[in-house]
Structure formats: structure tokens, C-alpha cells
Amino acid sequence: MRSNPIMIRDGRIDVKLFFGKMSSENMKLYLEHVFQEKIEKDIILPDRKFRVSKIQNIVETCINDNLSIFECIENITPFSLKNGTGKI
């Protein structure tokens, strides 16, 4: 979906942000921040397989279901292995 040129002309929007797929390091930092718990170095998270919004949805579900950070990671990791593409 493209933005309306009238809405992005000078003075309307000062900063454009691009949210691509999360690196494994950013995902680790995000999960540690949300759960206030450290992730061990030997745990491998998918690298650039998911957009931020997808990870937020998974984490929100984990929180609503009272899952631990490690159970949440188990919810994320199988998606990254499906057909090796990370697509659901």
C-alpha cells in the first residue's frame, strides 16, 4: 500500500521508518526486554525470517497464555524451520 503523496509532503512527516524482518540479535534483545529475562547464548533464534509485527503477535499470545520466555521461543522457532523459509 502506497502512502498518499499529499500526506508525506514536507512538513507532514518528519521521519520515515522502515521495519524489515528482525535480526536474531534484535529478536533476542526484544524478548529479553519484554520478559525481563536473559536468553542463553546457545539458543538460536531465526535471523531475518519474521517482521516485527509477527514477533509481537507471537509474544502477545505467549503473554496472554502465561508462557515463559523459553516456551515463547519454542512458538517462534518451529515457524522458522517450516520449509526453511520462515513463512507460515
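Here are the numbers:
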read-out	value
Within the range 45-76, considering residues that are in contact (Cβ under 8 Å) with a residue 24 or more places away in the chain and outside any helix (DSSP H, G or I), the one surrounded by the fewest Cβ atoms within 10 Å (Cβ to Cβ)	Ser68
Candidate set from the range 5-44 (those that are farther than 13 Å from Ile69 by Cα and in contact (Cβ under 8 Å) with a residue 12 or more places away in the chain); member that is surrounded by the most Cβ atoms within 10 Å (Cβ to Cβ)	Met22
Answer residue from the range 17-63, given it is within 9 Å of the chain's Cα centre (by Cα) and of a type in the set (Val, Ile, Thr) and is farthest from Ile76 (Cα to Cα) among those	Val52
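Only the coordinates and a few stated rules stand behind these numbers; no lab work does. The structure displayed is predicted, hence computed values, not measured ones. Every residue, glycine as well, gets a Cβ built from its backbone with ideal geometry; the counts of neighbours run over all protein chains shown.
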